[in-house]
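Okay, structure first, notes after.
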Amino acid sequence: MCREWLIARFEAVCGAASAGGSCRQGRSRGDHDLNPGTHPEPPLTPAAVLVPIVDRAAGLTVLLTRRTAHLANHAGQISFPGGRIEAGDGSPEQAALRETIEEIGLKPRHVTVLGRLDDYLTRTRFHITPVVGLVEPSFTLRLDPFEVDMVFEVPLAFFLDPTNHHRHSRTHQGRQRLFYAMPYGEHYIWGATAGMLMNLYQVLIRP
């Protein structure tokens, strides 16, 4: 897998990003996919994340962050850089890129937007638009220590291997909840992040 393959797959499935290409399948995904009857009730907070795929010489990787332990939402979890869409943001793409600068210092000049995945709704009442970007590897990062504990990369091939896709469960408020999980070394990638990675997998392996 290389940048040319990735770009070709997105253009084939989603259309050109410059023409407003989107890989959406006309529905919102979310925690409720595996847990019928748990669709979050409005109002939901609009948010956007960047799904950064880094063009490394050894192969494409996915850049992920670990949130700090004291945050009000999703503390300590593995996530994509991103956050709430603010009034001054002209689009989810602008919001995702702005939040990425603020959280990890990755500047937009290193990112080529390829398209959007399906929106993702969380039980914590966020309506997330995932924006996929191809990242040139010449970047330097500067983490916001309040929000981000660490940054790491995982080979894209790991997420495209279905043997690494798991369904786990836990009890929350007296009910058993199912969720996707993709453990990688010491990193437990689960919940919304794993759900969006499942969507990315489906886009990239679609015939």
Cleavage-rule hits (chymotrypsin sites (Phe, Trp or Tyr not before Pro)) in the range 104-157: DSSP loop, at most 10 neighbouring Cβ within 10 angstrom:
Phe146
Counting helices only, and only those DSSP H runs with n ≥ 4, report the 222 nm mean residue ellipticity of the chain as the sum of -39,500 (n - 2.57) divided by its residues, in deg cm²/dmol to the nearest 500.
-6500 deg cm²/dmol
Based only on other Cβ atoms within 10 Å, what is the fewest-to-most ordering of Ser138, Ser79, Ser91?
Ser138, Ser91, Ser79
Give me the orientation-averaged projected area of the Cα convex hull of the chain, in nm², one decimal.
11.8 nm²
Any chance you could tell me what percent of the C-alpha pair distances in the range 120-207 go past 22 Å?
40 percent
Among Arg125, Arg170, Arg116, which comes first, then next, by fewest other beta-carbon atoms within 10 Å?
Arg170, Arg125, Arg116
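Readers should treat all values here as calculations from the given coordinates under stated rules, not as data from a laboratory. Because the structure is a prediction, the values reported are computed rather than measured. Every residue, glycine as well, gets a Cβ built from its backbone with ideal geometry; the counts of neighbours run over all protein chains shown.
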